[in-house]
Amino acid sequence: MKIEGCQVMLDSCAKFFQSLFLHGWFDACGDGLVAAEFQDDSVPVLHQVSAVGEFHGGVASLGSDKGFHVQVLRAADAEIGAARLVLKTRRGRKIVIPVQQLVDERIRGFATPELYRKFVADLQASRRKLKILDIGGRNRSGLDRSKAFGWADVTVLDIVPGDNVDVVGDAHELSRYFAPESFDAVYCVYVFEHLLMPWKAALEINRVLRPGGRCLVHTHQTLGMHDLPWDFWRFSDSSWDALFNERTGFRIVTRAMDSEQYVIPFLLRQEKMTAEKSAGFEGSTVLAEKVGGTRLEWPVTIAETVGTAYPTHDDGQAGRSYVQ
């Protein structure tokens, strides 16, 4: 973010119960940072420590002293809507920036939203009445993603009924519900982690997708367990090669991971002393194109494998946490 002739970026604004950790970099073309402070009129700050002039590998070309961090203990577990970051420079400047504004600026740099926008724009540019399959697109919490394709013929398939669900069914068995090559595109968000056999779903997507059709899948690489007991998998950006490849009838157009996550243990052990210096990613996305059919089969059903069912929000399982 450019502000008052300076560049400021937050890499992290992480909350752990009543604590906050802010980490980023600052450059003012010769005017160095001498202090960084967190302020919030809505929640009292009990204690804070900060450091400036740290090395930041992401902007090392600007200098070796551009990094800063602030650690804050607040009186309550709260949001950051009224929080401000106050930066003071060597030349006496005082720069005040809403923390939420810095967070939003960082999120705008994520690759996945742009990948999604391009996917939608490319489909819309065909100027045809495309047929799109939304796998797992049930309206949850007022979010109906199929509306993003209002100019197309969208079919929503979900394993649970919903007010916007056209077909109630299993993503592992798409060819039971749809004829071969029925769709121009397939769209699937936050579903693949809940598929017991995602490799079978990839084969089924190939069967119902027309040649040249595209498939966008967005899921998680790192995230807490949810919708138990049907939370099976996490996907890195390199894992997609196992599902979308020449043998399954696809080529990968592009992929992305973003929204970094700290991964720390509940109980500190010596070998985990530096766990917070590694990162997981909330989102993992792949855009694949169908380049041919597939002869691969996986003749195994869900019923043959597990005796449970995907939970609904009404059964008390979907939001269950391991933190009591």
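Observations
- When the alpha carbon coordinates of region 186-256 are projected onto the principal axes, the ranges are 36, 22, 19 Å, largest first.
- Pairs from Lys131/Lys290; Lys2/Lys94; Lys15/Lys277; Lys94/Lys277 whose Cα-Cα separation, in the structure shown, is over 25 Å: Lys94/Lys277
- Look at the alpha carbon pairs under 8 Å that are at least 6 residues apart: their mean separation over the length of the chain gives a relative contact order of 12 percent.
- Translational diffusion of region 1-95, µm² s⁻¹ [Kirkwood Rh, Cα pairs; Stokes-Einstein; 37 °C; 0.692 mPa s]: 240
- Within region 162-293, the proportion of Cα pairs with more than 26 Å between them is 30 percent.
- Counting neighbouring beta carbons within 10 Å and listing from fewest to most, the residues Val253, Val300, Val154 come out as Val300, Val253, Val154.
- Proximity of backbone amide H atoms, modeled 1.01 Å from N, is registered between Asp11 and His23, Gly24, Trp25 at under 5 Å, excluding neighbours fewer than 5 places apart on the same chain.
- Sequence ranges 165-178, 37-50, ranked by mean other-Cβ count within 10 angstrom, highest first: 165-178, 37-50
- As a size descriptor, the averaged projected area of the C-alpha convex hull of the chain was calculated at 20.5 nm².
- The antiparallel fraction among DSSP beta bridges confined to region 177-324 stands at about 75%.
- Counting only DSSP H runs of at least 4 residues, each contributing -39500 (n - 2.57), and dividing by the residue count of the chain, the helix-based mean residue ellipticity at 222 nm comes to -3500 deg cm²/dmol.
- With Cα atoms, 0 to 90° folded angle of helix 111-124 axis to the chain main axis: 40
- Region 175-180 - phi-based ³J(HN,Hα) in whole Hz, Karplus 6.51/-1.76/1.60, Gly and Pro as x: 6, 6, 9, 10, 6, x
- DSSP-defined antiparallel bridges as percent of all bridges, the chain, nearest 5: 75
- Phi angles of region 81-93 translate, via the Karplus equation with coefficients 6.51, -1.76, 1.60 and θ = phi - 60°, into HN-Hα couplings of x, 9, 6, 9, 9, 10, 10, 10, 10, 4, 8, x, 7 Hz per residue; Gly and Pro are given as x.
Throughout, read-outs are computed from the coordinates displayed, never taken from laboratory work. What you are looking at is a predicted structure, and each value in this text was computed from that prediction instead of being measured. We place every Cβ from the backbone using ideal geometry, glycine too, and count neighbours over all the protein chains shown.
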